[in-house]
Structures are given as structure tokens and as C-alpha cells.
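**Q** Just dropping this structure here.
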Amino acid sequence: SRGTLQAEADPLLPTDRLVQSYLQRHYQKATAKRTPSAAEREDQKKSRLFGIDASSQTNRASRMGRKSTLLNDAYRFALAQYELLRTQEASQQDDVDHPPLTEEHSIHLVDQMLAKEDEQERKRTREAAQAAQEWRKQQKASKAAASKANIETKEPAPALEEGPSSSTTTQAQSQAQTETSLPSILHSKPRTIRAMNIWASRLSAVPYSRWTIGATVALDHWIAADVLGMSEETWEALLQGGGDVDDGDDMSLLPRGRDIIAVRGSLFPETVLDTSLDNGDLEATSAEEQEEEELDETEQSIDELLASLGGDFDFGGDSTSSSLWASEDNKKKAGNVDQDIGTLVEELQTWRAKNIKLAYAQWDETAKKEFNTWMVEYISVLTTETDGDVDLEKTRERLLSAPPVSRDESDAFWDKVRDQTSAEIFLHGLLEKGVPAAQDGVVKKQYQTFLGLPYEVQLQKLVDLGTLRPLYDEYISETDRVTFMARYGETLLEGTMVEHLLKDPNGPISADELGPEYGTDFASKGDRFRIEMLPYGSDEFDVPRSERARMLFRAWNTHKAGRASYEEHMFKQGKLGLEYSNETKKERDKRKRKERNEED
């Protein structure tokens, strides 16, 4: 009957409607802030032409298949919203004058509550990671001091006097020794300590470089849940890559991934893989070489798949390098100027200190001439002929306007904004202190301008600043700067208006006028070209072959995350060991038959 069908169509749980509402808001938000791709615009055109509106449902299903973490977020939000609505409903029955809580208002309240929980979790995991790293530093310092003093740690301890307090004293000493030999994050956690000992024994049995994916993921999962106290939802999102494909990856999860790695390296130093052959670990090196060979085969397979999608995809060599900065000349020059830049930056701090005591305008002519000579050398080291003329007066003003900063002070500041979690902690302290009273008028105005921005903008500015440290930190070597630009230069340039050479039958430039660096694949005899200003990256970003390539990499990421989850489950079930077996299927079947015969 119609009533039965209506009952079957109703949500089975009271939270189902809230989950659907969350998903609808998510897709509306993602669609509103993302420009449709060429393929999506083509689908929309066909839908309008034929009167079919199935593309959105198809895309939605594919997105759900790629990112199951979205459902976890939806149910987490729905449960919190349902609990809040039920609580407000109960309080309204007790207080008739209490205004009812609308669903829209509850969405805002739950957003704030979950954001606060995530922020507290980020701070908690960062504090635990810092405590583990500090403990490891103390252990290294104690070991170095003991080795320097030639202390024999194996000497027997002096015998305790017999008496009623001897047992109590022994227990107290044992407890004190245990607490100093363990990081503070493990105190009062006996189960976690026992688990750590089990993991340590596994690392002693098989080198970490030979572990299976399931074993390594299980170790990181244990660190995330038991040591750092992360929620299972956070771990699952971190394993899946974070965020949704429509929003981009959730970069706020990257700091928590680094925290896991930091704690793993502090608790188990043997998991920090090093290219040097410490302790003659030839087996580990062999395993690493085998892993590199497997990685090369995987990348070769991806290249073949990309080639089958159409278009020219060149992933040869370093796939993360930008052709604009990754030239051998740039690398060679960077290596030559590193030492010069280090000396010049140290001298710059001396000039800045001099400018604070006495402004440049009041210097004598000898000091001005000496500084200008130094500045010309500084500019010549940092610039090239293609940079054009440099305004010496403005450069001098910019160089001397900043206060002197030592290398340690610079590292301490950049460490506070190295990721989102560090930037949040730094920003909270900055907001609590307010504008320093000792600052001059210009710096004070800059403080007031920054503190007057919305919190989200303040945090994003600090995160962006930390991300671009290689471009802003004066103490960064030129080699590191060139490496950063080679890796991310094209990303930073994306959207910037630059000159593009485009094929045009009526263009003023012939193929003969182009240099040999363009190659015959790009310019054939008889072709003509023109130069046009276009946003950098627009000629490749929105074309169908690039979209198919991105879809392939997303599928590859989903495959890796699924394999990690599957192998972790197999490892916990005891069906996968610490290292992969080299025996063939035929040998494995023969061994199992032999084991069954022995049991019979």
C-alpha cells in the first residue's frame, strides 16, 4: 500500500536526515567555490541539450567512492547535532520561555564545537610529540655525557642495607629509573608501555626497512591512537589523505602526520631510515635498493597509463622538479654562492645593529661608502643579469629597515609557523599578549593591522608565511632555495600572467626563428607562432588530458590507502608477518600440505 511504501522510504534512524543535510551542504559548498572543469562543462551542456540531469548524481557517486571519510564526517556531525537538538528540546520542556533551537542555528553551534575539538586534538598531539622529542634529546645527551666521562654502566649497584625500608627503597629507585627511561607521555600508561616493548622486540627481530606495509601502518596506528590520543576518525582521514577531492586535501592533517613520524623516531630510533651505512646495515641497504626498483616499476606503469590517456606527459627524471629552475646551471651556481650568502647575511645583521644605534642618514661618508660597496656585492651574489636593474636606494631602505636577527632567533621564529598546528599555538600566544608596548610607531601599526584581521585570515597568513620560508628566510641557503623553486615554482606561478608561445597560421614568428631548445616535436618546418599573455598553467590545467591524469593519480592514492588498510587488518589478524615471504605460491602450497600432514 501507499502507506507501507512511505514508511519504507522514511529514514530508519533520526540522524539519517541530518546526514543527508550535511552531504547536501557539503556538495553545494564545494560546487560554489570550485570552477567546473572542461569535462563537467561538456556534461552540463549535454544535460541541458537532452534534458538529462544525471551527471551530478554520477559525479556524486564517484566522489563518494573515492572518499569514504566524507561519510565519517557526516555521521560525526549528525550525531553531535542530534544530541544538541535533543538536549535543547529537553531544556525547553522545563523552561517554556526558552526559545527553541532552530536547525540552522544548531549547524552553526556544531561547527564551532567540532572545530574546537579538532583544535584541542591538534594541540594535544603536538605537545605529546614535542615531549617525546625532548625526551629523546635528553637520552642522547645523557648517553654522550656518560660516554665522555667513561662511566661503566655495567658496574653492579652497591648492596642495600638490610632493614624494613630496603624493599621500599628498591621499589622507589626502580620506579624513578623507569620514569626517567620513558617519555612523560607514557607515564601512568602500563598497557601502552607493554605494547611499546612488543613493538621494540619486533624491530629487533626484523629491520624496519624490511617491514610489510601492514606492519608499518599498524605501528603508526598504535602511535596515533594510544600514544598521541588521536581519534579513529582523524586516523582514518589521515590514512585516506584527508579532505574531499572537491575541496582539495585537508592540509591541517599534515602536521599530525608529522607528529606521528616524530614520535615514532623518538620512541624507536631504528625506524629513522638513513642513507648512510651506520652499523654496517647492508641488509637494510639491499632492501632499500629493492624497494627503489619496485618504485621505478610502479612509476613506469603510471607513465604507461598516462600515455594511454592521450597527450604528452613527461614524468622522466625528477617528477617533482620544475623545468624553469631545475637546470644544472642553477644548481651549480647555488652551491657556489651558499658560503658567500652565509657570510653576507651575518654581516647584514651587523649593519642593521649599526643603523639602530645611529640612522643611516647620520653616518659619515666613509661608513656610507663602505656599506654601499658591501650592498653592491650583496646584490651581485643574489641577482642575475635577467633580473634587470636594481633600485639601490629602495634596496638599502628595505635591508636596513628590519632589526638584526641571529640565526638561532630566525630558526626559533620559523619553527613557530612551520605548519598549521604550530601557527595556531603561536597565534594564540600573540593574541593573548597583544601589541608590545616597546614597539615603535610603524611596527605598532603593523601589529594592530594584523591583529584586526579575522582569526581565519590571521592563521592562513601565518601558514602561508611558514610554507614560503625558503623565499623569506635570509638564512636559507641558495641551494635549498633553488630546490624549493624547482619543486614548487610552477605551482607558485600558476595564474600569473606570463608570455606564451602559441601556434598561429598567421603569426609573425616562423619555426626557423625559434631556438633549438623547442625541438622538432613542438615546431615543425612551416609552422608559425605568436606571443600572447596568458595565466601560467592555464594551457595545461583545464584540458581533458590533464583532468584524466589527475583522476588517475587520485585513483592511485585511493589504491594505496586501501592496500594500507587491508594489510594492517591482515597483520592484526596474524595472516601477514613483519616481512614479505619470498616463497612462490607452489612452495607455499607444498609447505601448507606438509604442515597439515604433520598435524594429522
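**Q** Grab the beta carbon distance between R191 and H500, set R0 = 60 Å, and tell me the FRET efficiency rounded to 0.05.
**A** For R191 and H500, the calculated efficiency is 0.45.
**Q** Could you compute the net charge surrounding D259? Neighbours are other residues with a C-beta less than 13 Å from the C-beta of D259; K and R count +1, D and E count -1.
**A** The answer is +4.
**Q** How high is the relative contact order of region 394-463, in percent, with contacts defined as C-alpha pairs under 8 Å that are six or more residues apart?
**A** Relative CO of region 394-463 lands at 33 percent.
**Q** How much net charge surrounds Q133 when only other residues with a Cβ under 14 Å from its Cβ are counted (Lys, Arg +1; Asp, Glu -1)?
**A** Neighbour charge sum, excluding Q133 itself: +3.
**Q** Here is a further query. Please list the non-local residues whose amide H lies under 5 Å from the amide H of H500, H modeled 1.01 Å from N, same-chain partners needing a gap of 5 or more.
**A** So H500 has HN proximity to E532, M533, L534.
**Q** Tell me, what ³J(HN,Hα) does each residue in region 201-209 have, in order and in whole Hz, if you take phi through Karplus 6.51 cos²θ - 1.76 cosθ + 1.60 with θ = phi - 60° and put x for Gly and Pro?
**A** So the Karplus estimates, Gly and Pro as x, are 5, 5, 5, 6, 7, 9, x, 4, 5 Hz.
**Q** Could you give me the ³J(HN,Hα) list for region 494-499, computed from phi with Karplus coefficients 6.51, -1.76, 1.60 and θ = phi - 60°, whole Hz, x at Gly and Pro?
**A** For region 494-499, the Karplus curve yields 4, x, 6, 6, 9, 6 Hz.
**Q** Reported to two decimal places, what Rg/Rh ratio describes region 438-502 when computed on Cα atoms with Rh from the Kirkwood expression?
**A** 1.12
**Q** Then there is this: Could you quote the convex hull projected area for region 372-463, Cα atoms only and averaged over all directions, in nm²?
**A** Details: hull surface 32.9 nm².
For the Cα atoms of region 372-463, the hull's average projected area reads 8.2 nm².
**Q** At a 1.4 Å probe radius, carbon and sulfur cover how many percent of the accessible area of region 459-509?
**A** With neighbouring chains kept in place, the figure for region 459-509 is 54 percent.
**Q** Still on this structure: Skipping prolines and chain starts, which residues have an amide H placed within reach, meaning under 5 Å, of the one on R528, given they are 5 or more residues away or on another chain?
**A** Under 5 Å from the amide H of R528 lie the amide H atoms of D504, each far enough along the sequence or on another chain.
**Q** Among the listed pairs K123/K445; K572/K594; K29/K572; K116/K189; K189/K572; K123/K143, which have their C-alpha atoms separated by more than 28 angstrom in this model?
**A** Checking Cα-Cα distances, K123/K445; K29/K572; K123/K143 exceed 28 Å.
**Q** Hey, what do the phi angles of region 79-86 turn into as Karplus ³J(HN,Hα) couplings, whole Hz, using 6.51/-1.76/1.60 and θ = phi - 60°, x for Gly and Pro?
**A** Listing the rounded values in order: 5, 5, 5, 5, 5, 5, 5, 5 Hz.
The values are calculated or read from the model by the stated rules, or taken from the named source; none is laboratory data. The structure displayed is predicted, hence computed values, not measured ones. All Cβ positions, even for glycine, are placed from backbone atoms using ideal geometry, and neighbour counts span all protein chains on display. Surface areas here come from the heavy atoms of the whole protein model, side chains and all, with no ligands, DNA or RNA. Shrake-Rupley method; radii C 1.70, N 1.55, O 1.52, S 1.80 Å.
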